[in-house]
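The block underneath contains the structure these notes are about, expressed in structure tokens.
Just so it is clear, none of the values below were taken in a lab; they were calculated from the coordinates. In this text the structure is predicted, and so the values were computed from the model without any measurement. Using ideal geometry, Cβ is built from the backbone for each residue, glycine included, and neighbour counts are taken over all protein chains shown.
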Amino acid sequence: MQMLVTGLSFKTAAVGIREAVSFSESDLSESLLKLSFYEAINEVVILSTCNRTEFYVITNDLDIAQKSIISFIEKEKKINFAQLESCFYNYYNKFAAEHLYRVISGIDSLIVGEGEILSQMKNAYAKAHEVGSSGKIFNALFRFVIETGKKVRTDTTIAQRPTSTGSVVAKLTKQTFGDLSTKTALLIGTGKIGTITAKNLRANNIGKLIVINRTHQKAKDLAEELGGIAFEFEHLDSVIEQADVTIVCTGSQGYLITNNNCPSKKEVLMIDLSIPRNIDSEITKNKNIKLYDIDSLESVVELNKEERTEIIGEVEMIIKEEMSKFVQWYNSLDVSPVISSMSDMFESVRENEVARTVKKYKLEDEQKKIIDIVTKSIIQKIIHYPITNIKMTDDTDLKKRYSDDLKYLFQLDQDDMSQKYFRKKEKLSPSLQLEKVFNDEGGSTNPNNIKKNEIIINKQDKKSSCPFASI
């Protein structure tokens, strides 16, 4: 099995291209189910935010999996992939896993250290888990990755002065108008980013806050929390006339603000955080209107990048350390049947001997409980070091030799052993049983030819039977 990450982000594609391949939260479950039936897609998670759309895939054939994703995009988005190909990047195996760790840690974000990506990644995985498109490998990997995202934010200073999309919007609004106490802000959309934005505006002393959402109750709840006013969605055209700054952050597929309903007689700031965009850029023909989309905010966050560059090295050290835990887990998959069979054999011997002793000496239930506790503890101590050492071994050949030795010494039958193990671990594909997944030669892409963290675009030399290099 091998891992593939393919996608595009703010680094490689403008917002107009990103929105063409974005997936709304309401469509994500269906999209995951559809893609999971494409050839060579064994496991899949889709992350789609305003800054990136990425496909995380476990596959037994990288070439076919990439072709499947291209076919899926062309069919679902009704576009010719050749027109977008130069914007897409591909990561394979070790580099794919490392990219995932960097994304959730916030060091691959437009706003370095932003916290929204952690919850966005958790939601993306939760959707995949819910529909069953994630399996044995991704269930483990995303558990490790999410814990790393939390650790980075608690063990480093990257989030001490948290910068989010919402705080950047508040900063931009203050730069535009100065004193906000006499200004009115209109928020359209009450998702997480919209809510954070509203809270940041309130913290910057915005005079009046108006909230609109298609689900009116959500608008009312947020308005009550922040001392604002909620309006029904159908009142948008009349309410927009009151606003000095309008922030749109919804999952709507079309324009909500156009020349037909846009104010024109006063200086207005419009900020579109939606993917796809909800504000028609034609409104900028009116000189009174300043329009920012998600890409336009990059100039506002440049200072943030400079301040946090020194912290990135610290985060990368944590990523290396935490990723090694996943590598260790993945490295144990090919010996799991041996370990399981050996443990079962020891437990079977223990149970038989305890039963024989209880019967022979006519022991009471309380005495049997004590013997059970003691003998289980003895067995665990006996097998602890053999199991730990074989799991910790990175050398594939040495691992195989240890496995063979255990099978010979304890007379573990390979066929019976595998059947028992895979029956117990139904979600683990039998194709992983004897596959060699680690060696000392690196991942599917030669690390000697690639700079650390380099984006691999249209890389052809990617096939490997050893998906991850030992860390």
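With a simple spin-label model that places each label point 7 Å from the Cα along the Cα-to-Cβ direction, the separation between Thr258 and Met345 comes to 7.4 nm.
Label point of Lys34 set 7 angstrom out along Cα-Cβ; within the stretch 51-70, amide nitrogens under 19 Å from it belong to 53-57, 65-70.
About the centre of its Cα atoms, the stretch 165-296 shows a dipole size close to 320 debye [charges on the beta carbon of Lys, Arg (+1) and Asp, Glu (-1) only; nearest 20 debye].
Please go through the residue pairs Lys122/Lys320; Lys11/Lys391; Lys359/Lys381; Lys151/Lys192; Lys11/Lys218 and name each one whose alpha carbons sit more than 28 Å apart in this structure. List each step's numbers first, then the result.
Numbers: Lys122/Lys320 21 Å; Lys11/Lys391 38 Å; Lys359/Lys381 26 Å; Lys151/Lys192 21 Å; Lys11/Lys218 33 Å.
Checking Cα-Cα distances, Lys11/Lys391; Lys11/Lys218 exceed 28 Å.
Quick one: net charge of Cys87's neighbours, Cβ under 14 Å, K/R +1, D/E -1?
Values: positive: Lys11, Arg18, Arg52, Lys77; negative: Glu19, Glu54, Glu85, Asp295.
Net charge in that neighbourhood comes out at 0.
Fewest-first ordering of Asp221, Asp237 by other beta carbons within 10 Å of each residue's beta carbon gives Asp237, Asp221. Each label point was placed 7 Å from the Cα along the Cα-to-Cβ direction; for Lys368 and Arg143 their separation is 3.3 nm.
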